[in-house]
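What follows draws every value from the coordinates through simple rules; no lab data is involved. Computed from a prediction, not measured in an experiment: that's the story for all the values here. FYI the Cβ positions are ideal-geometry reconstructions off the backbone, even for glycines, and counts take in every protein chain you see.
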Amino acid sequence: MRLILLGPPGAGKGTQAAFLTQHFGIPQISTGDMLRAAVKAGTPLGIEAKKVMDAGGLVSDEIIIGLVQDRLKQSDCANGYLFDGFPRTIPQADALKSAGVKLDYVVEIEVPEEDIIERMSGRRVHLPSGRSYHVRFNPPKVEGRDDVTGEELTQRDDDREDTVRNRLSVYREQTRPLVDYYSSWAQQNPADAPKYRKISGVGAVEEIKARLFEAVQ
Ligand code: ADP
Ligand code: ADP
Ligand code: ADP
């Protein structure tokens, strides 16, 4: 199974990705998690990326495409993978297409902007695993602690409200066009294109999970 979860920041892609990757036994390829790991490790790429991420902008296509190309060469990707937060621009989607990657599904998760602001202001993450929680909507078992490791949760630097608004406008301008890119490809060339599915991301985590499994049957 090879698929993309597409949707605005805070739509619940990371939360839902965990269910699909467990079920299909495939790795989650989150370019955001990969970049945060580089920032934490203090690599040159991380230092460069941090400035852009803190401003809510996008890291260059060249860097992202290189990261993903290297990741796909690893052996755990042989039976499929789930992209979360990639592709985010038309050139990134084109690079994937030219690399000859055959995707099974693109699933768009739709959430209105008002809900997104609320979700991101309460988001808490376990950085090493990428697991995310919400102080009200999806609280951890112990306040401030990851359910699996018991380690500390943190708030992302880019989840401040002003940065979130900027990320949403970047989404509208640079990433939203992928909705048209994949849905029209699926319509015009169903034999070649990934199947396109759109689900509502509004409701409880469990409800969305059920919609998602239904969409990829
Ligand atoms: P969210 O989960 O809120 O959508 P991500 O964790 O996917 O955010 O990404 C965090 C930040 O990392 C983005 O705002 C952007 O700066 C950078 N980033 C992640 N993935 C990409 C990508 N595919 N292309 C460009 N920048 C990216
Ligand atoms: P298990 O069945 O052992 O819990 P799976 O890898 O089959 O693990 O599934 C991973 C998660 O996805 C589980 O929480 C499971 O309940 C859920 N799941 C699997 N199939 C479906 C489905 N068709 N609809 C909703 N949730 C599902
Ligand atoms: P993304 O990866 O798309 O940026 P996340 O999975 O990190 O999104 O979710 C963003 C925030 O919203 C997190 O705090 C998460 O716990 C919360 N969240 C996820 N799904 C839901 C939901 N169905 N309802 C309310 N909040 C949710």
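Centre-to-centre, using Cα atoms only, segment 46-98 and segment 186-217 are separated by 22 Å. Projecting the Cα atoms of Val111, Gly130, Phe19 onto the dipole axis of the chain, where Lys and Arg carry +1 and Asp and Glu carry -1 at the beta carbon, places Phe19 farthest toward the positive end. Placing unit charges on the Cβ atoms of the charged side chains and taking the dipole of the chain about its Cα centre, the candidate lying farthest along the positive direction among Met53, Thr163, Met1 is Met1. Of the trypsin sites (Lys or Arg not before Pro) in segment 100-203, the ones in a loop by DSSP (not H, G, I, E or B) with at most 16 other beta carbons within 10 Å are Lys102, Arg136, Lys141, Arg160. Pairs of Lys residues in the chain are counted when their Cα atoms are under 18 angstrom apart and they lie 8 or more places apart or on different chains; the count is 10.
Of the beta bridges DSSP finds with both residues in segment 61-202, what % are antiparallel, to the nearest 5? Once the DSSP bridges in segment 61-202 are tallied, antiparallel ones form about 55 percent. Using a cut-off of 12 Å between beta-carbons, work out the net charge of the residues near Ala186 (Lys and Arg +1, Asp and Glu -1, Ala186 not included). Taking every Cβ under 12 Å from that of Ala186, the sum is -1. Of the candidates His23, His134, His126, which one comes out as most mobile in a Gaussian network treatment of the chain with C-alpha springs shorter than 10 Å? Comparing His23, His134, His126 in the GNM, the peak value goes to His23.
Taking all Cα pairs closer than 8 Å and separated by 6 or more residues, the relative contact order of the chain comes to 30 percent. With both labels modelled 7 Å from their Cα along Cα-to-Cβ, the Glu113 to Thr43 distance reads 3.5 nm.
Each Lys and Arg adds +1 at its Cβ and each Asp and Glu adds -1 at its Cβ; summed about the Cα centre, segment 70-181 shows a dipole of about 240 debye. Of the residues Phe137, Phe86, the one with the fewest other Cβ atoms within 10 Å heads the list, and the complete ranking is Phe137, Phe86. When you count the other C-beta atoms within 10 angstrom of each residue and take the mean per peptide, 88-101, 62-75 line up highest first as 88-101, 62-75. Using amide H atoms built in the peptide plane, which far-off residues or other-chain residues are under 5 Å from Tyr81 H to H? So Tyr81 has HN proximity to Arg2, Leu3.
Both radii come from the Cα set of the chain: Rg as radius of gyration, Rh as Kirkwood radius; their ratio Rg/Rh reads 0.93.
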